[in-house]
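For reference, the structure is listed below as structure tokens.
What follows is calculated from the coordinates using simple rules that are stated; it is not laboratory data. Keep in mind that this is a model prediction, so the values were computed, not measured. Cβ: placed from backbone, ideal geometry, glycine included. Neighbour counts: every protein chain shown.
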Amino acid sequence: MAIREKVKRDGMWVIHSNDEELSAEDLALAYKQLVRVEDAWKTMKSALHLRPVFLTSPGSAEARKMLKKLKIESPSAVMSTE
């Protein structure tokens, strides 16, 4: 691909969804919100000094579910206080 073609596409991204009812604007907004949620989670993890967790015990499946639930719910709580 020529440099001119790359320059034209600079800053563009492709989003694919199987939900045909969503408009391009809805998809773009959802993607941008995902970035905000991930940034909030990263900020919260650093504030709590969290490190990677390697689950190897028999109860690790339950612990993993709890961690995923916290990851999903906590960033929205953090964002709503801003």
Most exposed to least, judged by fewest other Cβ atoms within 10 Å, Ile3, Ile15 sort to Ile3, Ile15
If the chain between Glu21 and Glu38 were fully extended at 0.36 nm per residue, the gain over the current Cα-Cα distance would be 3.6 nm
Arrange Arg51, Arg36 by Cβ neighbour counts within 10 Å, fewest through most, would you? Arg51, Arg36
